[in-house]
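K.L.:
Take a look at this one; I'll ask things after.
The values are calculated or read from the model by the stated rules, or taken from the named source; none is laboratory data. Worth saying up front: this structure is predicted, and the values here are computed from it rather than measured. Cβ sites come from the backbone with ideal geometry, for glycine too, and all protein chains shown count toward neighbours.
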Amino acid sequence: MSKKSKKHTALPLPLIILGIGGALLLAAMVFVALQSGLGGRTPNLAVDQQEIDYGEVKFNTPLSFQFTVTNRGDGALRFKEQPAIQVLEGC
């Protein structure tokens, strides 16, 4: 009676590296999609004051005001550029 020995063949190293790399790439894509709000979530920017009117003001008179900006949506609110406020004369 003869016994045949089974050879255990290992996967080639490039195939293993390719599999791990693919899994990491897939995980990164899912993470980015969830962070950017692509999962059905939508940010919604809300400002408590749409207009601030000081009336007539003399030149070089310092003025200050406060307003609150909130995200009322269920997605993450991210700015691609630095947020800016535009001051319009006579509006």
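K.L.:
Read through the list (1) surrounded by 10 or more Cβ atoms within 10 Å (Cβ to Cβ); (2) under 30 Å from residue 30 (Cβ atoms); (3) not small (Gly, Ala, Ser), then give the number of the only condition that residue 83 fails.
P.N.:
(1)
K.L.:
Condition first: surrounded by 10 or more Cβ atoms within 10 Å (Cβ to Cβ), in a loop (DSSP other than H, G, I, E, B), of a type in the set (S, T, N, Q) and at pLDDT below 80. Can you find one or more residues in region 1-22 that meet it?
P.N.:
Looking through region 1-22, none of the residues is surrounded by 10 or more Cβ atoms within 10 Å (Cβ to Cβ), in a loop (DSSP other than H, G, I, E, B), of a type in the set (S, T, N, Q) and at pLDDT below 80.
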